[in-house]
1. What's the FRET efficiency of residue 245 with residue 156 using the Cβ-Cβ distance as r and R₀ = 35 Å, to the nearest 0.05?
2. For a quick protection proxy, order the peptides 38-50, 263-275, 128-140 by their average other-Cβ count within 10 Å, most packed first.
3. In whole angstrom, how far apart do the alpha carbon centroids of the range 164-189 and the range 236-252 sit?
4. Taking the range 55-117, which GluC sites (Glu not before Pro) meet the DSSP loop condition and have no more than 10 other C-beta atoms within 10 Å?
5. Report the FRET efficiency, 1/(1 + (r/R0)^6), for residue 83 and residue 58, where r is their Cβ-Cβ distance and R0 is 30 Å, rounded to 0.05.
6. How far, in degrees from 0 to 90, does helix 97-110 lean away from the longest principal axis of the Cα atoms of the chain, to the nearest 10?
7. Return a whole-number percent for the relative contact order of the range 30-147, with Cα pairs under 8 Å and 6 or more residues apart as the contact set.
8. Using only alpha carbon pairs under 8 Å that are at least six residues apart, calculate the relative contact order of the chain and give it in whole percent.
Amino acid sequence: MSTALVLGGGGVTGIAWELGVLQALQETGADLAAADLVVGTSAGSVVAVQATSGVGLDRLVADQLKAAGTSREVKADFDPQNAAQAFSRLTVGARNEREVRARIGAMALEAPTVPEAERMRTIQARLPVATWPVRRLLITAVDAETGDPVVWDRTSGIPLAAAVAASCAVPGVWPPATVAGRRYIDGSVRSATNADLARGHDVVVVLAPDTGPGLTPAAPGLTAEVALLRTHSQVRVIAPDGAALEAIGPNPLDPGRRPASARAGRRQGRELAGALRKIWPAPPTR
């Protein structure tokens, strides 16, 4: 039985929530981080690297539980609803999703942000390793000029931190990342999860802090991706429940919300453990 774990975007609070879910499920016998394929988009790309790094989930969650100010994370003013409205205006007159993504990329290239080198230091501080794992890991981004989506893995020849920086480059908030001479923006501009990349696996679990279409309003979104997957796979989507959404708060880029988000993720993971054990392969006995 082949397995895939899809980790969607959702800011620094999404990172904390996803790690909390993964830790609780691992403790209760469903080790999602051991999936044959891991797909990471935006915040999910950070979690994907962390979860496949060999560093224990207990330690990773402990880092999320630390008080604000103990890491390089900086709060950014970000209102998802306002951003969605701004991006929606870019769809007017566009011929297709690719053109919408290119328009978002053009906006991102012009937006005043922190220097790219400063942002890269933040990304590097998030990652416990600098090299790609042997296990198959896919990281998504979008070419800021053309609007074309890209998917990188360890065979792509792209430095791991650069791929993650690109996948996390929220347009208008963080600078587009330079990778091999081109500029790239957040993988969520194509899809909040890019769950369709898990096609072909028997069991697919999607952790989706954001269940919408991502940063491109014209994109089909998670519902369509899951429908596609279910033609050949058993699929389970895990999204924040009401209490978790309250813990996460209105700004997913607020690092002060990380401890509450991680605790909410652990609670949800424990509550979902029974259902996940029914579909996820048990760890090998020693």
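Since every read-out is calculated from the coordinates, none of them should be taken as a lab result. As the structure is a computational prediction, the values presented were derived from the model and not from experiment. Glycine gets a Cβ as well: all are built from the backbone with ideal geometry, and neighbour counts include every protein chain shown.
1. Working: r = 35 Å, r/R0 = 1.00.
The pair residue 245/residue 156 has a calculated efficiency of 0.50.
2. Values: 38-50: 30.4, 263-275: 19.2, 128-140: 17.7.
The peptides rank, most packed first, as 38-50, 263-275, 128-140.
3. Each part reduced to its Cα centre gives a spacing of 24 Å.
4. Working: sites: 73, 97, 99, 110, 116; in loops: 73.
Of the GluC sites (Glu not before Pro), not one in the loops of the range 55-117 has a Cβ with at most 10 other Cβ atoms within 10 Å.
5. Values: r = 34 Å, r/R0 = 1.13.
Approximately 0.35, to the nearest 0.05.
6. Tilt relative to the chain: about 70 degrees.
7. Values: 84 pairs, mean separation 59.6, N = 118.
With pairs under 8 Å counted, the relative contact order is 50 percent.
8. Relative contact order comes out at 32 percent.
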